[in-house]
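Engineer: The structure is given below, and queries will be raised subsequently.
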Amino acid sequence: MMDRATVCAVIWDLDGTLVDNAEYHWQAFREALASHNYVLSRERFESVIGQKMDTALRNLLGPDLALEEIQRLEMVKETRFRELMRAGGITLLPGVRGWLDSLRDDGWRQAIASSAPRLNLEVMLGAHSLEPYFGAVVCAEDVRNGKPAPEPFLMAAAKLGVAPDRCIVVEDAAPGLEGAQLAGMRTIGVGPSHDVLRADVTVRHLNDLPVNAFSSLLSS
């Protein structure tokens, strides 16, 4: 158990890091853009994973995309995404529950910093009763500049009362890792694309991390 003078934090991404919902995002995004007569490839979809919806849509459909159309497409996509999650269920990724428990028991503060809208977070966190683990939750509506800007991570750290250099960010996507590094935080990249992620430590699954992974990273 760490003492108050050495309090540290882990700031988690949610989609693709704690919960396995990539296929729901892919299906919902593809259906939403089909209404705009845009055929979304898997490669283009993966290039915008981790970005706020308005940023992702402008990267896909052009920088001059009207705000009204962004709002319409976002509503279509996120509504469909929540329908798919409720119908198909939400699975925690390997190692998630064990690390959440272990870090809590060792005195680490924990937060979520996500590009998702609040309604999505409520569904995902509520599905496995994860809310008690987190002292702060930062979502798309909370920030002006989403990932890869550092704002979501700095806000999460401030809400936890922990200095950025005492925080570790766990992410599955390049924009989040870039934002965490800009915030002056250590990083762990996780997921199928871990071998190409630029992070201090990368693993395919959280349960591939050694038992001292977080403490060692912060003291290195």
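Rule-based calculations on the coordinates, nothing more; no lab input. Fair warning: this is a prediction, and the values are worked out from it, not measured in the lab. In this analysis, Cβ positions are derived from the backbone assuming ideal geometry, glycine residues included, and neighbour counts consider all displayed protein chains.
Engineer: Quick test for you: out of 81, 45, pick the one residue that is free of Cβ contacts under 8 Å to residues at least 40 places away in the same chain and either closer than 25 Å to residue 124 by Cα or crowded, with 19+ Cβ neighbours inside 10 Å (or both). Please lay out each step first, then the result.
Structural biologist: Working: 81 fails: free of Cβ contacts under 8 Å to residues at least 40 places away in the same chain.
Of 81, 45, the one residue that is free of Cβ contacts under 8 Å to residues at least 40 places away in the same chain and either closer than 25 Å to residue 124 by Cα or crowded, with 19+ Cβ neighbours inside 10 Å (or both) is 45.
Engineer: Ok, one more. So which residues in segment 183-192 are buried (at least 16 other Cβ atoms within 10 Å of the Cβ) and without any contact (Cβ under 8 Å) to a residue 60 or more places away in the chain? It would help to see each step written out before you state the result.
Structural biologist: Filtering segment 183-192 for residues buried (at least 16 other Cβ atoms within 10 Å of the Cβ) gives 183, 185-191.
183, 186, 187, 188, 189 - these are the residues of segment 183-192 that are buried (at least 16 other Cβ atoms within 10 Å of the Cβ) and without any contact (Cβ under 8 Å) to a residue 60 or more places away in the chain.
Engineer: State all residues of segment 25-42 that are in contact (Cβ under 8 Å) with a residue 40 or more places away in the chain and under 25 Å from residue 89 (Cα atoms); if no residue qualifies, say none. Outline the logic, then answer.
Structural biologist: Of all residues in segment 25-42, those in contact (Cβ under 8 Å) with a residue 40 or more places away in the chain come to 25, 27-29, 31-33, 35.
Once the filter is applied, which keeps residues that are in contact (Cβ under 8 Å) with a residue 40 or more places away in the chain and under 25 Å from residue 89 (Cα atoms), segment 25-42 yields 25, 27, 28, 29, 31, 32, 33.
Engineer: For residues that are among the aliphatic types (A, V, I, L, M), farther than 20 Å from residue 16 by Cα, without any contact (Cβ under 8 Å) to a residue 60 or more places away in the chain and in contact with a strand residue (DSSP E or B) (Cβ under 8 Å, 6 or more places away or on another chain), tally how many sit in segment 125-167.
Structural biologist: So the answer is 1.
Residues checked against (1) surrounded by fewer than 14 Cβ atoms within 10 Å (Cβ to Cβ); (2) out of contact with any Asp or Glu (no Cβ under 9 Å at 6 or more places or on another chain); (3) within 27 Å of residue 99 (Cα to Cα):
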| position | (1), (2), (3) |
| --- | --- |
| 7 | no, yes, yes |
| 30 | no, yes, no |
| 37 | yes, yes, no |
| 41 | yes, yes, no |
| 66 | yes, yes, no |
